[in-house]
Amino acid sequence: MILGDLLGVDVYNDDGTRLGRVADARFVVDGAPRQLLAEARLLGLVVSPHSASSFLGYERTGLQQPWPLPSLLRWRHRGSFLVLWEDIAMIGAKSVRLREGYTAYSPALDSSGP
Amino acid sequence: MKRLLGVALGVLTAIGGFVDIGDLVTNAVVGSRFGLSLVWVVGVGVLGICLFANMSGRVAAASGRATFEVIRERLGPRAGLANLSASFLINLMTVTAEIGGVALALQLASSVHYLLWIPVAALAVWLVVWRVKFSSMENVTGLLGLTLIVFAVALFLLQPDWGNLAGQALAPAVPAEETVSTYWYYAIALFGAAMTPYEVFFFSSGAVEEGWSIKDLVQSRINVLVGFPLGGLLSVAIAGCAAVVLLPAGIAVTSLSQVILPVAEGAGKVGLAFVLVGVVAATFGAALETTLSSGYTLAQFFGWSWGKFRRPAQAARFHLAMIICLFIGLAVLATGVDPVLVTEYSVVFSAIALPLTYLPILIVANDPQYMGQHVNGRPVNVLAMVYLVIILAASLAAIPLMVVTGAGA
């Protein structure tokens, strides 16, 4: 499968409750060294309960400018979380299911994340 | 002294490069139908393009990324592609209009039919894009474009009733024979002509071409903040000439010959010679910029190597894309469609597509990860948000107004 197919897919927890949709995939660049960058590794998926549209990057930082855009986008994506690859039980064509007792991390790129 | 010359050259090029076929046609049409009652839109548009060019130039200098590289990074591939498609198609429309404009101007100078000039114009555009250095290309067309100042000279020589003109400009009202919706339709067209997206693609890619760094920002700010408003005054002079000569005669501009008619009346044969040089230089310069912009947008989105600072063999897809765009423009013009009509549509569609490029630049200009300490200050952000609302309103209102007014008929 290609990553693009995964975006927008519904996400369920282990007892079948719908949690939201895949809004983004989070990578870390810590694989084998290459010429320019190390290989990327899929860290996990960002799940958003209300909208799978773009965050325009505002989930990663605490940026407040230019008012009121960040507040609007954060409101549209309220309740979104990052779930690690290890916590994903199954990826199907139309749904993603999480393991029991998965951890919902903040999608921010500061000390509150994984 | 050398630095001063550099600043002067930059400002002069910005003035001469401001006016293109869109400004020429739209300002003349508006002047001939609405007098100076829409002149405030030129002011709104010029302030907007100053703001937008200042932000995208700063993003390019601070992050080393041009507009479409930023759009691809920030919007992701899917939303980015939709954005690219719209921006690219409108840019292609502008390429077509500019080449048609060069051909029409050459027809006026030579009495040879414009359809015969079109292949010549396209070939010349390609040769310059292929061979000529970026800075010489900018400076020559920009400086020759300055001859359009003859519109201002002609306006003085026509000895208009200044009080009447000032009255139209300062207390705008819809003329009796026009409707409110056509007034607003042309307001959007004029706004789109002043704030054409290609200017920003070109401006930010040009900053990368010329290897700007943070310390060149002062120079670029002067170029924009002095050059564009003075270029805007040229636009007003074009509208003023039309308002003085064509409006009382009841001539609504539909061709390029009518655009320059007031100059011939006010400044005679010498004026006519100047204005022909100016129109050819302005449209040819803009044809170069739009052709390059089509290559820039595609190459930046798909990650091809791009730029005139590379040899064509090292940026093969970039150059091939521009050649294909020129052929598409040629094919469209070969159908005999009126370039003036293409221009009138292209400025409105420019206004429609503007939010697509404006919003990502505004967001990135606020992101310290790209910009370091050169993020937007608070006053710039307040102005930028006001303009976001204006740009969105113009974009959303354009299509309904186009339908209601029958494209301004």
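The values are calculated or read from the model by the stated rules, or taken from the named source; none is laboratory data. On a predicted model such as this, the values are computed, not experimentally measured, just so you know. Here the Cβ is made from the backbone with ideal geometry for all residues, glycine too, and neighbour counts use every protein chain on show.
Considering the conditions (1) more than 24 Å from B:Ala124 (Cα to Cα); (2) surrounded by fewer than 23 Cβ atoms within 10 Å (Cβ to Cβ), B:Ile323 is excluded by exactly one of them, (1). The residues on offer are A:Arg74, A:Arg41, and the sole one that is charged (D, E, K, R) and closer than 17 Å to B:Leu75 by Cα is A:Arg74.
Of the helices (runs of 4 or more DSSP H) lying entirely inside region B:161-275, those carrying at least 1 residues that are closer than 24 Å to B:Ala351 by Cβ are B:162-170, B:180-194, B:197-209, B:228-249. When B:Val224, B:Val208 are screened for being surrounded by fewer than 24 Cβ atoms within 10 Å (Cβ to Cβ), within 14 Å of the chain's Cα centre (by Cα) and in contact (Cβ under 8 Å) with a residue 24 or more places away in the chain, only B:Val224 passes.
Consider only pairs whose beta carbons are under 9 Å apart and that are at least six residues apart or on different chains; among these, list those whose first residue lies in region B:68-84 and is closer than 22 Å to B:Phe349 by Cα and touching a residue at least 40 places away in the same chain (Cβ under 8 Å) and whose second residue is charged (D, E, K, R) and in a helix (DSSP H, G or I). Pairs found: B:Gly80/B:Arg72; B:Gly80/B:Glu73; B:Gly80/B:Arg74; B:Leu81/B:Arg72; B:Asn83/B:Arg72; B:Leu84/B:Arg72. Within region A:6-26, which residues are surrounded by 14 or more Cβ atoms within 10 Å (Cβ to Cβ) and in contact with a Leu (Cβ under 8 Å, 6 or more places away or on another chain)? The answer is A:Leu6, A:Val11, A:Tyr12, A:Asn13, A:Leu19, A:Val22, A:Ala23, A:Asp24, A:Ala25, A:Arg26. Is it the case that A:Leu109 is of a type outside the set (D, E, K, R), within 14 Å of chain B (Cβ to nearest Cβ) and touching a Ser or Thr at 6+ places or on another chain (Cβ under 7 Å)? Considered against the rule, which asks whether it is of a type outside the set (D, E, K, R), within 14 Å of chain B (Cβ to nearest Cβ) and touching a Ser or Thr at 6+ places or on another chain (Cβ under 7 Å), A:Leu109 comes out as yes. Taken together, the residues in region A:94-114 that are of a type in the set (Lys, Arg), part of a loop (DSSP other than H, G, I, E, B) and within 15 Å of the chain's Cα centre (by Cα) amount to 0. Taking region B:35-57 as the range and being in a helix (DSSP H, G or I), more than 21 Å from B:Val389 (Cβ to Cβ) and either hydroxyl-bearing (Ser, Thr, Tyr) or at pLDDT 90 or above (or both) as the test, only B:Val39 passes.
Restricting the search to helices (runs of 4 or more DSSP H) fully inside region B:314-409 and requiring at least 1 residues that are modelled with pLDDT under 95 and more than 14 Å from every other protein chain (Cβ to nearest Cβ) gives B:316-334, B:339-364, B:378-405. Please indicate, with yes or no, whether at least one residue in region B:230-249 is of a type in the set (Val, Ile, Thr), under 19 Å from B:Ile49 (Cβ atoms) and touching a helix residue (DSSP H, G or I) at 6+ places or on another chain (Cβ under 8 Å). Within region B:230-249, one or more residues are of a type in the set (Val, Ile, Thr), under 19 Å from B:Ile49 (Cβ atoms) and touching a helix residue (DSSP H, G or I) at 6+ places or on another chain (Cβ under 8 Å). The condition of being at pLDDT 90 or above and of a type in the set (A, V, I, L, M) does not hold for B:Ala62. The residues of region A:32-43 that are free of Cβ contacts under 8 Å to residues at least 60 places away in the same chain, under 26 Å from A:Gly92 (Cα atoms) and out of contact with any Gly (no Cβ under 9 Å at 6 or more places or on another chain) amount to a single one, A:Leu42.
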